[in-house]
Amino acid sequence: QVQLVESGGGLVQPGGSLRLSCAASGSIFSINDMGWSRQAPGKERELVATITSGGSTKYADSVKGRFTITRDNVQNTVSLQMDSLKPEDTAVFYCFADVHPSRSNVYYKYWGQGTQVTVSS
């Protein structure tokens with residue numbers, strides 16, 4: 001079993017910054033991609049950013065240049081630095097990790113419980 005625990009959400013004014021963190025623990029042999037998705041009220045879940053074990057990153061167009069994803073492969077953590085936040089960034093943010101529980105090619109996607117980010121004046 002694998003657990004992902006997120007932290008760092010909250011209320012911030014437009015133009016402000018927040019940093020989200022997510023720690024994976026449990027039966028982990030290795031982790032492929034890690035990343036963040038978000039879901040705003042009444043909208044579908046949106047992929048925000050991903051990072052491979054080698055450090056390659058991808059971002060949604062809506063956050064390029066404002067958000068930065070990083071990871072620590074030793075600590076099995078992933079972080080999302082969010083700058084220049086806008087009201088439309090308001091959502092519940094979920095981290096995820098593609099976890100190999102053993103040396104085999106089989107992996108499973110695990111999700112965190114979600115953390116609320118609210119951008120409002």
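The values are calculated or read from the model by the stated rules, or taken from the named source; none is laboratory data. This one's a predicted model, so the numbers in the text were calculated from it and none came from an experiment. Heads up, the Cβs are rebuilt from the backbone with ideal geometry, glycines too, and the neighbour counts pull from every protein chain shown. The accessibility values were calculated without ligands, DNA or RNA, using every heavy atom of the protein model including side chains. Shrake-Rupley method; radii C 1.70, N 1.55, O 1.52, S 1.80 Å.
Count the net charge of all other residues whose Cβ sits under 10 Å from the Cβ of LEU18, scoring Lys and Arg as +1 and Asp and Glu as -1.
Spelling it out: positives minus negatives among the neighbours equals -1.
Any idea what diffusion coefficient the range 45-99 gets from Stokes-Einstein, in µm²/s, Kirkwood Rh on alpha carbon pairs, 10 °C, 1.306 mPa s?
131 µm²/s
Of the accessible area of the chain, with the probe set at 1.4 angstrom, what percent is carbon plus sulfur?
Reported share for carbon and sulfur atoms: 48 percent.
Expressed as a whole percent, how much of the Cα-Cα distance distribution for the range 74-121 exceeds 15 Å?
60 percent
For the range 16-68, what are Rg and Dmax over the alpha carbons, in angstrom?
Cα radius of gyration and Dmax of the range 16-68 are 12.9, 37 Å respectively.
Taking the Cα centre as origin and putting +1 on Lys and Arg beta-carbons and -1 on Asp and Glu beta-carbons, what dipole magnitude results for the range 35-104, to the nearest 20 debye?
100 debye
Find the accessible area per residue for the chain; the probe is 1.4 Å, ligands and nucleic acids are left out, and the unit is Å².
With the other protein chains kept in place, the chain gives 53 Å² per residue.
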